[in-house]
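S.K.: Following this message is one structure expressed as C-alpha cells.
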Amino acid sequence: NMEDVKFLNGRELMPSSSGLYIADAFSAVTFDVVCANMLPAALCKLASSISLGVKEDTGVLGLSGIRHEQVDVVKASFAKHGIVFETERRREGAAPGAEWTEYVLLTGRRPRRSEEEQRAYAAFLAESAVT
C-alpha cells in the first residue's frame, strides 16, 4: 500500500513489525536514539514509523514540541505502537512569535514483544494500512 511508504532523505521507508524497512537497504533497521521535535498532530500521524525506528529494549525515544495539554493524546498514539514512556520533563518556553506556555519532553522505550505480540502487531499494522 503506497500510503504506508514514507520518505526520509530521499529514501523510501515502510513500517514493518520488526522496524523500518528501507527500500534500498532491503532490510528493517532500528536506531539507538530516535528524536522528533514536531507538532503533536504530526507526531501522532507518524507514530508508527517513529516507534518502529526505535531499537527494541535498548533504544530511546525522545519527543518534544508538545504542549502540556497535548501529552495524553501523543502518549496514547505511541502506546498503540508499543512505546512505554519513562519520563516527562516540563519547561516553559515559546516558539518565535508565540505565547509562553509549558512544553513537555517525553522519553520512552520500545520493550521487546513476544512472538504472539509481534503477530498481533503485524495484523494491527496490516489492518491500519487498509483503512
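S.K.: Considering the dipole of the range 44-111 built from charges on the beta carbon (Lys and Arg +1, Asp and Glu -1) around the Cα centre, which of Val71, Cys44, Pro111 is farthest to its positive end?
M.R.: With unit charges placed on the Cβ atoms, the residue in question is Pro111.
S.K.: Near Ser51, within a Cβ-to-Cβ distance under 10 Å, what is the net charge of the other residues, with Lys and Arg +1 and Asp and Glu -1?
M.R.: Residues near Ser51 contribute +2 overall.
S.K.: Apply the a/c threshold of 1.5 to the C-alpha gyration tensor of the range 85-131 and tell me whether it is rounded, prolate or oblate.
M.R.: Here the range 85-131 falls in the oblate category.
S.K.: Continuing with the same structure: Between the range 102-131 and the range 33-61, what is the C-alpha centre distance in whole Å?
M.R.: Rounded to whole Å, the Cα centres lie 10 Å apart.
S.K.: Can you work out the Karplus-derived ³J(HN,Hα) for every residue in the range 61-78? Use 6.51 cos²θ - 1.76 cosθ + 1.60 with θ = phi - 60°, whole Hz, and x for glycine or proline.
M.R.: 10, x, 10, 9, x, 10, 6, 4, 6, 9, 4, 4, 5, 5, 4, 5, 4, 7
S.K.: Ratio to report: Rg/Rh of the range 23-131, with Cα atoms as the point set and Rh obtained by the Kirkwood method; give two decimals.
M.R.: Using Cα coordinates only, the ratio equals 1.01.
S.K.: Under 14 Å from the Cβ of Phe85, count the other residues' Cβ atoms, weight Lys and Arg +1, Asp and Glu -1, and hand me the total.
M.R.: After counting each charged neighbour, the total is +3.
Read-outs: derived from the displayed coordinates by stated rules, not from any lab. Everything numeric here is computed off the predicted structure, so don't read it as measured data. We place every Cβ from the backbone using ideal geometry, glycine too, and count neighbours over all the protein chains shown.
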